[in-house]
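This report refers to the structure that appears directly beneath it.
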Amino acid sequence: MNKAPIYNQNNSYKLPKDIVTGRYYIDVAMVKPNTHQPKLLLGINGKIKNKWFQLMPITIK
């Protein structure tokens, strides 16, 4: 049986210096260019609403 390939991606992001500490969630979607409108379903678990997917929580300390 063939397995789907696994791809790893590492990104870094600068957060605003005045971001409030607390728990946040990383959500992703494939959106129409220059909009925040999701256009297709991703083949992953975690669908939350309107074709957006919640990947994981993060904590800002």
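Worth pointing out:
- Any hit, the range 11-18, residues being over 15 Å from the mean Cα position of the chain (by Cα) and touching a residue at least 12 places away in the same chain (Cβ under 8 Å): yes
- Of all residues in the range 34-49, those that are under 24 Å from Ala4 (Cα atoms) and among the basic types (Lys, Arg) have Cβ atoms under 6 Å from Cβ atoms of residues that are at pLDDT 80 or above and part of a loop (DSSP other than H, G, I, E, B), 6 or more apart or on another chain, in Lys39/Lys32.
- Strands (runs of 3 or more DSSP E) contained entirely in the chain, each with at least 1 residues that are exposed (fewer than 11 other Cβ atoms within 10 Å of the Cβ) and small (Gly, Ala, Ser): 22-28
The values are calculated or read from the model by the stated rules, or taken from the named source; none is laboratory data. Since the structure is predicted, the reported quantities are computational estimates derived from the model, not experimental observations. Cβ atoms come from the backbone with ideal geometry, glycine included; neighbour counts cover every protein chain shown.
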